[in-house]
Amino acid sequence: MLSWLVYRQLGPPAIGSAAQKPTEAAIITAELQPIVIPRADHTISRRDISPNALRVLYRLRDAGFSAYLVGGAVRDLLVGQHPKDFDVATDATPEQVKQQFRNCRLIGRRFRLAHVVFGREIIEVATFRANSDDGSGDRETHEDGRLLRDNVYGTIEDDAIRRDFTANALYYAIEDFSVRDYCGGFEDVQARRMKLIGDPEQRYREDPVRMLRAVRLAAKLGFTIDGPSAEPIPVLAPLLAEAAPARLFEEVLKLFLSGNAVASFEGLERTGLLTVLLPESAAALKSNRSGALRRMVLEGLAGTDRRVANDEPVSPAFLFALLLWPAYCKALIGLQAQGTHPEEAARRAADRVTVHQLTTIALPRRFSLPMQEIWLLQSRFSQRQRKRVTRLLTHPRFRAAFDFLVLRQSASPDHAADVAFWTQAQTQTSEELSEALGVDVPGDSYTDEDAVPSKRRRRRRRRSGASGASGE
């Protein structure tokens, strides 16, 4: 334990340091001795571990390799949660892992990994990574400190200190069912805190997405972020703009679709990350003095958490419609103030917000288009013409748009009448609906032509040659 305390004072080895010139911290790494938590002193049971993960661990062990359950699975099991994924760390190279499993495929260029496939479950197997460059060219960093490539293999001690958080640097050993702790992670899990390994600023610069991971894991586990680990985040938050937009899209889904959306949103606000991740929405929320927009967003995120808890489907399109609604409202008000026609203003505001957000988060069209439809349908809920009512009721996005209208009521009671009308309209027959609208209709119910706009018949063009030949 003393060597770990010395390591924390010195910080991690310098990025890109040569293998033939080990740093003082690298020497300490070689001397690290794990704290071994025996089976009697922790709560992890093999009954809670995926049978497929156990198969991988046992086969690698029987083949003469060291193999451990590692990372989030160990952390979650220690706090009584059921892990979503089970990852394995080993001293076997990816190629050696593939030799042991016919159902294995190698993936990744930046981080070479082995995926052992058991039907729909994938056990990810990673070789112990070193924390310094061996001169082979398999470790590459950007001039600003970002890690671009990391395929230099090392020992379990190396692997432990190069992980991001102490809570993720815990190893479950299958041979004696103990937990090996090289970085003080077991103590931090017991204290329910997220703490970075090494110098926080340097680790965030290596991978800015670690700032989002800190917020997400703290929200998921009910942990607090350690003071020194939280302090640099507001200053380094702009580094997120350098992350790949596609990667940020995946991170947003993890933040808000894992059952801890409200806590994640509040964490992003506290750390200043919301301003970088959703800049226009953050600005709109800040300028909304009544707080109505923020209440609506939090209510919507709470509903998302309830759906996840009940194992109900959640649409990313609806999620982004909620998160970007403040930005859309602000853009719409600005265009209307310029005298733009309401329908045109709505379309332009939707396009503008979507295009601007794409520079940060790569929102696929299969989600951005339904998101815009949810927004654009909101103005139609105030219409009471019979045909328009029936057409809206049969619109494929009606249910999502109506649920969004209900959310808007949480921000403003002005929508109560619309919510009441459309709630009732969904249960009424054609005759009841017509009576409620004060419209006289024939005895038979409305036809499909009332619900769906009829296609305009194309006029047939006359060929000039044919008319000339006929002498007309």
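Once divided by 2.2 N^0.38 Å, the Cα radius of gyration of the range 170-307 becomes 1.16.
Taken one residue at a time, the phi angles of the range 209-219 give Karplus couplings (6.51, -1.76, 1.60, θ = phi - 60°) of 5, 4, 5, 5, 5, 4, 5, 5, 5, 5, 5 Hz. Gly and Pro are set to x.
Let me check I've understood the local charge: for E269, count other residues with C-beta under 13 angstrom from its C-beta, Lys and Arg +1, Asp and Glu -1. What total comes out?
+2
Globularity index of the range 220-293 is 1.15 (Cα radius of gyration / 2.2 N^0.38 Å, N = number of residues).
Whole Å is fine, so just give me how far the alpha carbon centre of the range 326-354 lies from that of the range 33-58. Taking the Cα centre of each part, the range 326-354 and the range 33-58 sit 55 Å apart.
How would the range 145-239 be classified by its alpha-carbon gyration tensor: rounded, prolate or oblate, with rounded meaning a/c under 1.5 and the a/b versus b/c comparison settling the rest?
oblate
Could you check how many percent of all C-alpha pairs in the range 41-126 are farther apart than 23 Å? Counting every Cα pair in the range 41-126, those more than 23 Å apart make up 20 percent. Taking the Cα centre of each part, how many Å lie between the range 359-388 and the range 306-324? Centre-to-centre (Cα) distance: 16 Å. Judged by the mean number of other Cβ atoms found within 10 Å, the most tightly packed of the peptides 390-397, 91-98, 162-169, 41-48 leads the ranking 162-169, 91-98, 390-397, 41-48. Under 14 Å from the Cβ of A345, count the other residues' Cβ atoms, weight Lys and Arg +1, Asp and Glu -1, and hand me the total. So the environment of A345 carries a net charge of +1.
Measuring nothing but protein heavy atoms, the accessible surface of the range 190-251 at 1.4 Å probe radius is 51 percent carbon and sulfur.
What does the C-alpha gyration tensor say about the overall shape of the range 248-345? Classify as rounded when a/c is under 1.5, otherwise prolate if a/b is larger than b/c, or oblate. It is prolate, given that a/c is not under 1.5 and a/b is the larger ratio. For the range 254-268, the Karplus equation 6.51 cos²θ - 1.76 cosθ + 1.60, evaluated at θ = phi - 60°, returns couplings of 5, 5, 10, 10, 10, x, 9, 5, 5, 5, 5, 4, 5, x, 5 Hz by residue, with Gly and Pro reported as x. Annotation: amide H-H contacts under 5 Å for L170 (H modelled 1.01 Å from N, sequence separation of 5 or more, or interchain): G71.
Accessible surface of R105, taken over heavy atoms with a 1.4 Å probe and every protein chain present, rounds to 110 Å².
Per-residue 3J(HN,Hα) values for the range 159-174, derived from phi via the Karplus relation 6.51 cos²θ - 1.76 cosθ + 1.60 with θ = phi - 60°, read 4, 5, 7, 8, 6, 6, 10, 4, 5, 9, 9, 10, 10, 9, 8, 6 Hz in sequence order (x marks Gly and Pro).
Taken per residue, the accessible surface of the range 159-206 reaches 27 Å², heavy atoms only and a 1.4 Å probe. If you take all other residues with their beta carbon under 15 Å from the beta carbon of R295, and give Lys and Arg +1 and Asp and Glu -1, the sum is 0. Pairs with C-alpha atoms separated by more than 27 Å, drawn from the list K195/K254; K330/K387; K84/K195, are K330/K387.
Summary of the geometry: the range 74-129 and the range 174-217, compared by the centres of their Cα atoms, lie 19 Å apart.
Note down the accessible area of D85, probe 1.4 Å, to the nearest 10 Å². Roughly 90 Å² of D85 is accessible to a 1.4 Å probe.
If a/c stays under 1.5 just call it rounded; otherwise compare a/b with b/c (prolate if a/b is bigger, oblate if not). Do that for the range 211-259, with a ≥ b ≥ c from the square roots of the Cα gyration tensor eigenvalues. Cα axes put the range 211-259 in the oblate bin.
Relative to the compact globular guide of 2.2 N^0.38 Å, what is the alpha carbon radius of gyration of the range 287-439, as a ratio? Please list the in-between numbers first.
Working: Rg = 16.2 Å, N = 153, 2.2 N^0.38 = 14.9 Å.
The range 287-439 yields a ratio of 1.09.
The values are calculated or read from the model by the stated rules, or taken from the named source; none is laboratory data. Since the structure is predicted, the reported quantities are computational estimates derived from the model, not experimental observations. We place every Cβ from the backbone using ideal geometry, glycine too, and count neighbours over all the protein chains shown. Each accessible area value is taken on the protein alone, full model and side chains, heavy atoms only, with ligands, DNA and RNA left out. Shrake-Rupley method; radii C 1.70, N 1.55, O 1.52, S 1.80 Å.
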